[in-house]
Amino acid sequence: MRALPWILLAALALAPLMGMGNYPLHMLIQVLLWGFVYTGWSVMGRLGLVSFGHGAFLGIGAYVVVMLWNSYGISPWIGLPIALVLAAVVALLIGYPCFRFKIVGHYFALVTLALSEIARLLIVALRDHTGGSLGVTPKTDLTESSYSLVAMQFSNKLVWFYIVLAVWLAGLWVWKKVDQSMARLALEAISQEEDAAGSIGINVTRLKLGITLISALMTCVGGALYAQYQAYVNPDSVAGIGISLQMVFGVIAGGMYVRLGPTVGAAFTLLLAESLRLMFGNSLHALDSTIYGLMLILFIIFMPKGILGGALEAIRRKKPMPVSAQNA
Amino acid sequence: MLSVREITKVFGGFKAVDRVSFDVAEGEILGLIGPNGSGKSTTFNLIAGALAPSGGSIEFLGRDIAGSPASHVARFGIGRTYQIPRPFRKLSLLDNVALAAYYGQSEQPSREKAYAQAQDALGLVSLPSSEHARVDGLGAAGLKKLELARALATQPKLLLADESLGGLDESEMGAAADMLAMIRDRRGVTIIWVEHIMGVLMRVVDRCVVLDHGEVIATGKPHAVANDPKVIEVYLGTDAEEVQKGIAQRQGDAT
């Protein structure tokens with residue numbers, strides 16, 4: 001049984017080499033990429049810090065890297081660290097006052113909601129540099145070759161698959177490290193009884209800032225990769241309320257208390273979006289958002305642990321012997 | 001070891017605590033008493049760092065701690081309990097207490113040591129220390145014990161025990177009082193015990209500070225305080241019988 005995850009991982013890593021079509025491969029890359037982003041969100045979200053502002057970090061990752069490349073010819077390899085620093089600064093600027101003054105729960109969610117919208121509006125307002133709501137494409141460096149390491153551009157989807165796979169695995173590793181740390185217990189304690197946590201010496205502000213930083217940086221990396229992979233971003237796809245809500249929905253649908261839950265959520269939201277698109281085309285514009293909203297309510301009521309969380313629980317209940325399902 | 005000087009706390013226009021001063025000597029159990037609304041909980045929260053004083057100083061082991069955040073105060077060596085227990089409900093008892101041991105000491109112990117200290121603290125208050133023991137199912141007395149264990153795991157030199165024993169019956173109250181005495185005797189922890197019922201407290205405290213309307217109205221040995229006309233007036237003799245009973249239960253107290 002212990003070898004099972006590794007076998008599945010090997011199968012996943014080898015699957016594209018078996019002559020997978022372009023479209024399934026594209027979907028797989030998307031699932032892993034968004035799975036990583038959702039994992040990053042859940043690292044803090046499952047500890048009671050529900051953020052609707054992660055669109056801002058996604059947007060910083062995507063736009064900073066693309067803008068630096070387009071305007072100054074700065075390689076994404078340098079642009080990404082710059083974007084990370086910026087995302088960290090924004091995370092601290094929004095996090096510190098919130099945590100210092102005990103803005104928690106719904107109020108925290110509202111503050112972060114504003115953040116993601118500010119990011120979107122900024123991108124739109126700076127249209128001379130960002131292309132506004134029409135979006136922007138990183139200048140191609142693929143005129144002579146099928147790949148450009150400097151520009152982080154690869155025309156071969158396989159390359160992207162392995163990049164994204166590695167990043168996704170790194171995300172799961174971060175989750176595991178956080179999970180095994182005393183800080184996770186402390187953050188759970190904080191989410192239940194913040195004052196009592198302080199009274200036993202836990203530095204509430206510092207721990208919350210730490211986890212927010214990890215989460216923001218992961219999301220920022222996800223945004224940068226998304227822009228490079230798609231070779232196109234627009235404000236709605238990487239910033240604003242829409243994408244931030246979608247993140248929360250995906251995570252809740254997949255299950256944020258188990259390690260693979262966010263990835264399952266990413267697969268679920270992508271499949272849902274794709275099938276809606278195939279069924280209705282682009283004629284019904286806000287249909288997907290409406291359905292997300294409805295399903296979000298249904299999930300919260302009937303399956304609060306999400307698809308994977310609920311499924312694991314059902315399996316555990318069926319088996320007479322308690323399996324040490326250490327997926328979390 | 002603790003010296004409170006003229007601390008004042010103003011909420012809006014209301015002086016909840018007005019120039020309160022008292023000292024706590026190492027190894028004693030000090031009863032901080034007074035009727036509801038007398039400012040004892042506020043005083044307690046000022047010492048614990050849950051509130052910042054509007055004025056005055058609080059010196060603990062030679063360091064002014066007035067206005068320090070609660071998490072710092074905990075690491076300086078002051079543990080506290082809550083009047084209404086605030087357990088981390090979704091964590092096991094052991095994790096509840098281990099967190100205190102891990103984060104609440106001036107020098108952070110290893111994880112193994114923190115868990116060993118947590119088991120020790122749980123044992124001291126006679127709560128189960130297995131990994132599976134949960135908070136659910138603990139009664140009022142059990143939750144009080146958990147509060148104590150969590151505070152003790154920070155290895156405090158001074159324990160602030162906010163013991164509104166309201167939810168407990170008489171024998172549980174007696175047991176809680178004996179537990180505080182046992183903690184002082186075995187661990188050498190100095191204790192400030194906040195209470196509004198005087199009876200059971202009289203059994204174990206060495207000295208009392210009585211507050212009323214935010215001011216200290218009496219300080220001294222239990223029976224001296226209990227016979228103080230000002231204190232009797234404040235309590236309107238409501239539990240005079242209980243007080244006498246508590247004093248009668250004191251063992252080997254010649255004064």
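The values are calculated or read from the model by the stated rules, or taken from the named source; none is laboratory data. The model shown is predicted, which means the values in this text are computed figures rather than measured ones. We place every Cβ from the backbone using ideal geometry, glycine too, and count neighbours over all the protein chains shown. For the accessible areas, the whole protein counts, side chains as well, though only heavy atoms, and no ligand, DNA or RNA atoms are used. Shrake-Rupley method; radii C 1.70, N 1.55, O 1.52, S 1.80 Å.
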Practice prompt. Would you please name the residue that is nearest to the other protein chains (Cβ to nearest Cβ), looking only at residues in segment A:168-177 that are over 14 Å from A:R46 (Cα atoms) and surrounded by 20 or more Cβ atoms within 10 Å (Cβ to Cβ)?
Written response: A:G171
Discussion item. Out of everything in segment B:27-57 that is touching a helix residue (DSSP H, G or I) at 6+ places or on another chain (Cβ under 9 Å), assigned to a strand (DSSP E or B) and not aliphatic (A, V, I, L, M), what residue ends up being surrounded by the fewest Cβ atoms within 10 Å (Cβ to Cβ)?
Written reply: B:G56
Discussion item. Looking at the structure I just gave you, is A:W77 part of a helix (DSSP H, G or I), over 19 Å from the mean Cα position of the chain (by Cα) and surrounded by fewer than 17 Cβ atoms within 10 Å (Cβ to Cβ)?
Written reply: yes
Worksheet entry | Members of segment B:116-168 found to be in contact with a strand residue (DSSP E or B) (Cβ under 6 Å, 6 or more places away or on another chain) and closer than 22 Å to B:I197 by Cβ, listed by number | B:A151, B:L159, B:L160, B:A161, B:D162, B:E163
Worksheet item: Out of curiosity, is B:F22 open to solvent by 50 Å² or more (accessible area, probe 1.4 Å) and out of contact with any Pro (no Cβ under 6 Å at 6 or more places or on another chain)?
Response: no
Worksheet, complete the sentence: In segment A:231-264, anything open to solvent by 10 Å² or more (accessible area, probe 1.4 Å) and either over 21 Å from A:A170 (Cα atoms) or at pLDDT below 90 (or both) is listed as A:A231, A:Y232, A:N234, A:D236, A:S237, A:I241, A:G242, A:I243, A:L245, A:Q246, A:I252
Item to complete: Kindly indicate whether B:V20 is touching a strand residue (DSSP E or B) at 6+ places or on another chain (Cβ under 9 Å), in a strand (DSSP E or B) and without any contact (Cβ under 8 Å) to a residue 60 or more places away in the chain.
Response: no
Fill in: Which numbered condition A:I118 misses (of (1) over 24 Å from A:M152 (Cβ atoms); (2) open to solvent by less than 30 Å² (accessible area, probe 1.4 Å); (3) of a type in the set (V, I, T))
(2)
Fill in: Selection status of A:A267, open to solvent by less than 50 Å² (accessible area, probe 1.4 Å) and either of a type in the set (A, V, I, L, M, F, W, C) or modelled with pLDDT of 95 or more (or both)
yes
Item to complete: Output the qualifying pairs, or none if there are none: Cβ atoms under 7 angstrom, residues six or more apart or on different chains, first residue in segment B:77-89 and without any contact (Cβ under 8 Å) to a residue 60 or more places away in the chain, second residue assigned to a loop (DSSP other than H, G, I, E, B).
Response: B:F88/A:E193; B:R89/B:V135
Item to complete: Please specify each residue of segment A:1-52 satisfying the condition of being among the aromatic types (F, W, Y) and surrounded by fewer than 21 Cβ atoms within 10 Å (Cβ to Cβ).
Response: A:W6, A:Y23
Discussion item. For segment B:58-72: of the residues being open to solvent by less than 60 Å² (accessible area, probe 1.4 Å) and over 18 Å from the mean Cα position of the chain (by Cα), which is farthest from the other protein chains (Cβ to nearest Cβ)?
Written reply: B:G67
Item to complete: Can you run down the residue pairs with Cβ atoms below 6 Å, 6 or more apart or on separate chains, where the first is in segment A:136-147 and open to solvent by 70 Å² or more (accessible area, probe 1.4 Å) and the partner is outside any loop (DSSP other than H, G, I, E, B)?
Response: A:K139/A:N70; A:Y147/A:F154
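Residue-wise test of (1) surrounded by fewer than 19 Cβ atoms within 10 Å (Cβ to Cβ); (2) within 14 Å of chain A (Cβ to nearest Cβ).
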position: B:A98; (1), (2): no, yes
position: B:Y103; (1), (2): no, yes
position: B:S106; (1), (2): yes, yes
position: B:K113; (1), (2): yes, yes
position: B:D120; (1), (2): yes, no
position: B:V125; (1), (2): no, no
position: B:H132; (1), (2): yes, yes
position: B:D136; (1), (2): yes, yes
Worksheet, complete the sentence: Of the residues in segment A:178-194 that are of a type in the set (A, V, I, L, M, F, W, C) and within 7 Å of chain B (Cβ to nearest Cβ), the one that is surrounded by the fewest Cβ atoms within 10 Å (Cβ to Cβ) is A:M182
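The rows are residues; the columns are (1) modelled with pLDDT of 95 or more; (2) closer than 17 Å to A:K208 by Cβ.
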| residue | (1), (2) |
| --- | --- |
| A:S71 | no, no |
| A:I78 | yes, no |
| A:V85 | yes, no |
| A:V89 | yes, yes |
| A:K102 | no, yes |
| A:A109 | no, yes |
| A:T112 | no, yes |
| A:R120 | no, no |
| A:V124 | no, no |
Worksheet item: Can you tell me which residue in segment A:195-212 is farthest from the other protein chains (Cβ to nearest Cβ), limited to those that are more than 16 Å from the chain's Cα centre (by Cα) and of a type in the set (V, I, T)?
Response: A:T205
Discussion item. Kindly evaluate A:S215 against the criterion of being touching a residue at least 12 places away in the same chain (Cβ under 8 Å) and either under 23 Å from the mean Cα position of the chain (by Cα) or at positive phi (or both).
Written reply: yes
Discussion item. Checking the conditions here, which among B:A50, B:A66, B:A74 is at pLDDT 95 or above and not polar (S, T, N, Q)?
Written reply: B:A74
Discussion item. Take the residues in segment A:272-328 that are small (G, A, S) and touching an Asp or Glu at 6+ places or on another chain (Cβ under 8 Å); name whichever of them is modelled with the lowest pLDDT.
Written reply: A:A328
Item to complete: For residues that are more than 8 Å from every other protein chain (Cβ to nearest Cβ) and farther than 20 Å from B:R187 by Cα, tally how many sit in segment B:73-93.
Response: 5
Worksheet entry | Among residues of segment A:218-227, those that are open to solvent by 10 Å² or more (accessible area, probe 1.4 Å) and either of a type in the set (V, I, T) or over 14 Å from the mean Cα position of the chain (by Cα) (or both), counted | 1
Worksheet item: Quick check, is A:V164 in contact (Cβ under 8 Å) with a residue 12 or more places away in the chain, away from chain B (no Cβ under 14 Å) and over 25 Å from A:A56 (Cα atoms)?
Response: no
